[in-house]
Amino acid sequence: MRGLVIKNTGSWYTVLTDDGQLIDCKIKGNFRLKGIRSTNPVAVGDRVQIVPNNEGTAFITEIEDRRNYIIRKSINLSKQSHIIAANVDQAILVVTVVNPQTSTTFIDRFLASAEAYRVPVILVFNKTDLLDEDMRRYQEAMVNLYQTIGYECHQISANTGDGVEALHPLLKDKITLLSGNSGVGKSTLINRLVPGASQRTAEISDAHNTGQHTTTFSEMIPLVFSSSSGEEGQGVEAKSWLIDTPGIKGFGTFDMEPEELTSYFKEIFHFSQECRFSNCTHTHEPGCAVLKALEDHYIAESRYQSYLSMLEDKDEGKYRAAY
Ligand SMILES: Nc1nc2c(ncn2[C@@H]2O[C@H](COP(=O)(O)OP(=O)(O)O)[C@@H](O)[C@H]2O)c(=O)[nH]1
Ligand SMILES: [Mg+2]
Ligand SMILES: [Zn+2]
């Protein structure tokens with residue numbers, strides 16, 4: 001039987017089979033994924049083969065090839081990774097300029113990591129209803145900055161629903177990872193998109209997650225849009241999914257050289273093509289076109305600072321750490 005892994009709690013996986021059943025599954029014996037030392041060899045978003053047993057549950061016997069997967073390196077020294085999700089089409093990063101204020105460093109690190117995974121990111125600025133005139137101008141400047149770099153930006157209020165409609169077409173037929181700092185309104189947004197979903201999520205995370213950062217788990221939430229094209233949304237046939245990742249603030253990346261890091265900051269990469277040295281780190285080198293562009297304000301200071309902070313992580317050997 002084939003199915004999609006839609007939830008992972010410890011050693012149990014919830015699989016939605018192609019014929020619409022939800023079955024609790026375990027991994028068979030010492031089934032392991034080649035090449036990855038992971039705390040969870042199977043992840044949310046994986047397509048799997050399962051073999052039912054006579055206890056009403058099933059064993060996962062095979063994982064189909066992944067298009068991609070996002071990992072987070074464990075904070076401890078076990079060298080194990082945690083696979084946050086597999087087969088992700090895109091990510092939405094929910095950010096806020098107030099209550100709480102999302103730092104540009106956090107945004108830029110997330111964007112750079114996503115570039116490394118080739119996962120497109122849509123920036124969603126939430127809580128527009130809270131903005132006074134100054135905050136609104138600040139947010140507009142942020143939107144302007146990230147749009148200029150090439151990221152799609154939306155301004156919404158998950159509370160009032162303002163701007164949320166515009167997200168529907170972006171989510172259709174896609175698997176979307178939903179991320180953002182705690183408190184930015186991810187659950188509220190999910191609840192807007194899927195009425196009733198966030199309460200459920202909150203209850204589950206309360207039961208399993210209190211005070212522990214080790215037991216974070218992801219869940220896929222089916223999105224059903226009442227489409228005007230006459231295509232009726234059946235839960236089972238849902239092709240649009242949101243992946244809620246409670247407790248996961250971002251994801252780690254693999255080791256990379258400064259040249260690679262540069263390529264994950266799109267506008268810095270653009271200017272770096274003109275640097276005198278091909279292995280320029282854009283920190284002190286003569287003939288550095290990035291430093292020149294920074295001086296001329298073609299590159300934002302905040303973006304350059306984020307680049308530097310990731311460059312420093314590498315030197316300190318904590319590059320893979322989650323943030
Ligand atoms: N004013 C305002 N508050 C919001 C909005 N979205 C979420 N909140 C509030 O922000 C707090 C955190 O929201 P929550 O969805 O739990 O954030 P999460 O941690 O990202 O899941 C809650 O008190 C929400 O009611 C919004 O658009 N406007
Ligand atoms: Mg939440
Ligand atoms: Zn340079």
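Things to note:
- From largest to smallest, the equivalent ellipsoid semi-axes obtained for segment 2-63 from the alpha-carbon gyration tensor read 18, 12, 10 Å.
- Listing C153, C25 from fewest to most neighbouring C-beta atoms within 10 Å gives C153, C25.
- Put simply, the Cα atoms of segment 93-150 extend 36, 22, 16 Å along their principal axes, the longest span coming first.
- Annotation: peptides 301-313, 170-182, ranked by per-residue average of other Cβ atoms within 10 Å with the highest first, follow the order 170-182, 301-313.
- Contour minus Cα-Cα distance for Q49 and E260 (0.36 nm per residue): 72.3 nm
- Our compactness index for segment 258-315, the C-alpha radius of gyration over the empirical 2.2 N^0.38 Å, is 0.98.
- Taking the DSSP beta bridges with both ends in segment 47-177, the antiparallel portion is around 50 percent.
- Going from the residue with the fewest nearby Cβ atoms within 10 Å to the one with the most, Y13, Y151, Y264 rank Y151, Y264, Y13.
- Compactness of segment 37-156 as Cα Rg over 2.2 N^0.38 Å, two decimals: 1.41
- Put simply, the convex hull of the Cα atoms in segment 85-126 casts, on average, a shadow of 3.1 nm².
- Scanning residues 5 or more positions from I122 or on other chains, those with amide H under 5 Å from its amide H are A91, I92, L93, with H placed 1.01 Å from N in the peptide plane.
- Our coupling estimate for segment 293-299, obtained by passing each phi through the Karplus curve with A = 6.51, B = -1.76, C = 1.60 and θ = phi - 60°, is 5, 5, 4, 7, 6, 7, 10 Hz, Gly and Pro reported as x.
- FRET efficiency for L311 and Q21, using Cβ-Cβ distance with R0 set to 45 Å, rounded to 0.05: 0.35
- Of the peptides 63-69, 267-273, the order by per-residue mean of other Cβ atoms within 10 Å, starting with the highest, comes out as 267-273, 63-69.
- Residue exposure sequence - W241, W12 - by fewest surrounding Cβ within 10 Å: W12, W241
- Amide H contacts of E219 (H built 1.01 Å from N, in plane; Pro and chain starts excluded): D244 sit under 5 Å, all sequence-distant by 5 or more or on other chains.
Bear in mind that the values in this text are calculations on the coordinates, not laboratory data. This is a predicted model, so every value here is computed, not measured. For neighbour counting, all protein chains shown are included, and Cβ atoms are generated from backbone atoms with ideal geometry for every residue, glycine included.
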